[in-house]
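One structure below.
Nothing in this text is a laboratory measurement; each read-out follows from the coordinates by a stated rule. All of these numbers come straight from a predicted model, not from anything done at the bench. Cβ sites come from the backbone with ideal geometry, for glycine too, and all protein chains shown count toward neighbours.
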């Protein structure tokens with residue numbers, strides 16, 4: 001039996017599972033992990049152990065959703081320089097001159113680009129759901145730092 005865990009507050013926990021080869025993986029993806037394509041890097045490593053993309057299942061956990069993920073335009077530019085397709089995951093707000101980032105959508109895109117279609121979402125916004133989740137961004141806005149973290153766990157039980 002084995003379990004893996006990752007701590008998050010607004011970043012996205014990502015779980016990857018392949019039942020054919022009894023493989024589990026746990027990733028922590030914030031904007032930097034998305035920019036560095038942590039999903040693609042993990043899937044590339046998984047392919048080296050004979051995994052079949054059709055047998056891979058992924059779960060994208062609770063994280064900051066687009067409505068609450070404000071970033072500066074220079075961050076958007078870093079993403080677009082890396083991949084012009086990333087532009088569609090940013091929305092410019094004229095009033096605030098800020099940009100909203102769809103991290104969940106970008107992670108889904110990265111799975112799709114790697115031909116992984118069995119992707120499921122736990123579609124909760126950590127910022128909006130104060131009674132369920134810690135949120136570093138919410139705590140910063142409310143001036144209630146420090147904030148806690150959620151522990152996200154995936155486990156595998158060996159058949160006996």
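Shape class for the chain: oblate, because the ratio a/c of the largest to smallest gyration tensor axis (alpha-carbon atoms, square roots of eigenvalues) is 1.5 or more and b/c is at least a/b. Mean sequence separation of contacting Cα pairs (under 8 Å, at least six apart), scaled by the length of the chain, corresponds to a relative contact order of 34 percent. Taking a ≥ b ≥ c as the square roots of the Cα gyration tensor eigenvalues, with a/c under 1.5 meaning rounded and otherwise prolate when a/b beats b/c, else oblate, which class fits the stretch 21-105? Judged from the Cα gyration tensor, the stretch 21-105 comes out prolate (a/c at least 1.5, a/b above b/c). Between the C-alpha center of the stretch 29-77 and that of the stretch 81-128 there is a gap of 9 Å. With 0.36 nm allotted per residue and the present C-alpha distance subtracted, the residue 151-residue 121 stretch has 9.1 nm of extension available.
Neighbour counts of C-beta atoms inside 10 Å place 96, 91, 8 in the sequence 96, 91, 8, starting with the fewest.
Specify whether the C-alpha gyration tensor of the stretch 72-141 places it in the rounded, prolate or oblate class, a ≥ b ≥ c being the square roots of the eigenvalues: rounded for a/c under 1.5, otherwise prolate if a/b is larger than b/c and oblate if not. Taking the square roots of the gyration eigenvalues as a ≥ b ≥ c, the stretch 72-141 is oblate. Relative contact order for the stretch 95-160: 15 percent, from Cα pairs under 8 Å spaced at least 6 residues apart, divided by residue count. Here the relative contact order of the stretch 47-123, from alpha carbon pairs under 8 Å that lie six or more residues apart, stands at 46 percent. Axis angle, to the nearest 10 degrees, between helix 73-82 and the longest C-alpha principal axis of the chain: 40 degrees. Sorted fewest first by neighbouring Cβ atoms within 10 angstrom, 127, 17 come out as 17, 127. For the chain, the mean residue ellipticity at 222 nm estimated from helices alone is -7500 deg cm²/dmol, where every DSSP H run of n ≥ 4 contributes -39500 (n - 2.57) and the total is divided by all residues, rounded to the nearest 500. On the basis of the beta-carbon distance and an R0 of 45 Å, residue 143 and residue 19 show a calculated FRET efficiency of 0.50.
With a Förster radius of 41 Å, plug the Cβ-Cβ distance of residue 3 and residue 88 into 1/(1 + (r/R0)^6) and report the FRET value to the nearest 0.05. The pair residue 3/residue 88 has a calculated efficiency of 0.70.
Beta bridges from DSSP with both residues in the stretch 19-160: antiparallel share about 55 percent, rounded to the nearest 5. To the nearest ten degrees, helix 103-113 and the longest principal axis of the Cα atoms of the chain are 40 degrees apart.
Springs between Cα atoms under 10 Å define the GNM used for the chain, and in it the highest mean-square fluctuation of 101, 23, 111 occurs at 23.
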